[in-house]
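What follows draws every value from the coordinates through simple rules; no lab data is involved. Keep in mind that what you see is a predicted model, and the values were worked out from it rather than measured. Cβ sites come from the backbone with ideal geometry, for glycine too, and all protein chains shown count toward neighbours.
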Amino acid sequence: MADELLTILGVGTSEGFQGPDAPAEADMYRCVHCGLCLSACPTYVVLGVETESPRGRIALMKAVNEGRIGVTERVVSHWEQCLQCRACEAVCPSGVPYGRMMANTRSQVMAQDKRSVNLNRISRLFLRGALPHPRRLRLGAHLLRVYQRSGLQKLLRLSRVLRLISRPLAGLEANLPVMDRHFFGPTKRVYRAQGEARLKVGLLSGCVMPLMQGSTMAATVRVLTRNGCDVVVPVGQGCCGALNIHAGDLEAGRGMARRNIDIFLNANVDRIVVASAGCSAAMREYDELLENDPDYGEKAHRFKELVVDVTALLASLPVDPPKAALNRRVTYQDPCHLVHAQRISSEPRAVLAAIPGLELVEMEQSTMCCGGAGIYSLVQPELAEKILSRKMGYVAATGAEQVVTANPGCMVQLEQGLRAMGDQSKVAHVVDLLDEAYRAESSARS
């Protein structure tokens, strides 16, 4: 199978992977090419091509490592089409750490300056130009919000001038996330628990979620305080680094990790709570990212032990059931980095089950990626759209009134899918529904 791939690619030899961030041979050669990952991989399911499967991509890694092929544009294209959803890890009988391997492989591609033009542009402007700089990111979000709410966006879209200038630019503008009315952010304030405090928790504000889903972040604070948590949102924290790590920019990711480790460990909290599945997955792997750092290796391990996804924490408390009912039929989309990377599946459902009147209808293949995958829909728009279209077919089949998930990127992607179907309903985070039920309870009392 591997030799057939090389024949198809028709590429020359190389000196293999090099440097401390090269994918480990011990990881690569754990793959026995059994093929159990194929039916779990969204790109393989949609395209049916071996090179767009985990097995095929690992075969290419091995070939580069052995010097049989080079890191060429064609080889890189197959790695870049990977969503890094890690569904393959969940079904792999050999325990292949595919997510780590792909991040390291992409770091090699970046070091050799072989990334696609599109990914390079997004990395320069967004991953490095904005994410590590909270003030710069917030300023951009303010400007985007003005553009969206002033009527300028509507006017520009009606004029279709962007299509005349550049179709890719028009496509990018059409997929811009909608900024929330209210932004969320770090503060020196302590949000006190209702009643006796059981835990003091530090909440990750992060980078994009407090701008796109500031209302969800505020709901998270209310839900945590209702369930006996003092909440701090430490000043000085920033992006978790997940998107940079996935793109292969490991050094930038390490810088972001070190900052968050220092800020949260100094906050002296019992747990570090995260409302974004992609962020909690990345933060729980800081120990791997910094394992060779003499100053942060041990601290990263202590940090990892404190990190918990908000749905997992609520389920473990357990959650205080609301008194008011939400009579609504919903379906739940499992975020990839919650269900595959962290193996958290029953906990969000347990939180939803605590809400009276809520009917959860399971969708077929709820654990299959929706195509969001961080910046994937910007780097691979056509393939992301195919994956999303398939997902929306399963959503429609449930007959649910609302889609619920637990990750900001999934929320944006699924809302785009709903709009394409002519449905303007909002996708909710699990904590949004719990908070809505609590607020309905308060309204009924008053």
Among S94, S159, S425, which one shows the biggest mean-square fluctuation in a GNM of the chain, springs joining Cα atoms closer than 10 Å?
-> S159
Report the residue, chosen from L306, L338, L162, that carries the largest GNM mean-square fluctuation when the chain is represented by alpha-carbon nodes joined by springs under 10 Å.
-> L162
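Using +1 on the beta carbon of Lys and Arg, -1 on that of Asp and Glu, and nothing else charged, what's the dipole of the chain about the Cα centre, debye to 20?
Details: 52 positive and 45 negative charges, 366 e Å.
Dipole about the Cα centre, nearest 20: 1760 debye.
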Per the helix-only calculation at 222 nm, which mean residue ellipticity applies to the chain, given -39500 (n - 2.57) for every DSSP H run of n ≥ 4 and division by its residues, nearest 500 deg cm²/dmol?
-> -14500 deg cm²/dmol
Between K426 and K386, what is the FRET efficiency for a Förster distance of 30 Å, r being their Cβ-Cβ separation, to the nearest 0.05?
-> 0.80
What is the P(r) of the stretch 345-446, as percent of Cα-Cα pairs per 10 Å bin from 0?
-> 14, 44, 30, 10, 2, 0
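What length, rounded to one decimal in nm, is gained on full extension from R419 through to N118, with 0.36 nm per residue of separation minus their alpha-carbon distance? Could the numbers behind the result be given before it?
Details: separation 301, 0.36 × 301 = 108.36 nm, distance 2.55 nm.
Additional length available on full extension: 105.8 nm.
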Listed residue (I272, H301, I344) projecting farthest to the positive dipole end of the stretch 262-356, Cβ model = I344
Tail fraction, Cα-Cα pairs, the stretch 263-370, threshold 16 Å, whole percent = 65 percent
Using Cα atoms only, what is the angle between the long axis of helix 408-420 and the major principal axis of the chain, expressed in degrees (0 to 90) to the nearest 10?
-> 90 degrees
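For the stretch 365-405, rounded, prolate or oblate, judged on the Cα gyration tensor with a ≥ b ≥ c (square roots of eigenvalues), a/c < 1.5 rounded, else prolate if a/b > b/c? Walk me through the numbers on the way to the answer.
Values: a/c = 2.55, a/b = 1.98, b/c = 1.29.
The shape class here is prolate.
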Between 0 and 90°, nearest 10: helix 54-65 axis offset from the chain longest Cα axis | 50 degrees
Across all directions of projection, what mean area in square nanometres is found for the Cα convex hull of the stretch 157-300?
-> 10.7 nm²
Among 45-54, 248-257, how do they line up from the highest to the lowest mean number of other beta-carbon atoms within 10 Å?
-> 248-257, 45-54
Take the chain, connect every pair of alpha-carbon atoms lying under 10 Å apart with a spring to form a Gaussian network, then pick out the residue of K114, K386, K154 with the largest mean-square fluctuation.
-> K154
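Per 0.36 nm of contour for each residue apart, how much would the distance between R136 and L156 grow if the chain were fully extended, relative to their Cα-Cα spacing? Walk me through the numbers on the way to the answer.
Working: separation 20, 0.36 × 20 = 7.20 nm, distance 2.47 nm.
Gain on stretching R136 to L156: 4.7 nm.
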Could you name the lysines in cross-link range of K323, using Cα to Cα under 29 Å and dropping any fewer than eight places away on the same chain?
-> K200, K426
Could you estimate the translational diffusion coefficient of the chain from the Stokes-Einstein equation, with Rh from the Kirkwood formula over C-alpha pairs, at 20 °C and 1.002 mPa s, in whole µm²/s?
-> 94 µm²/s
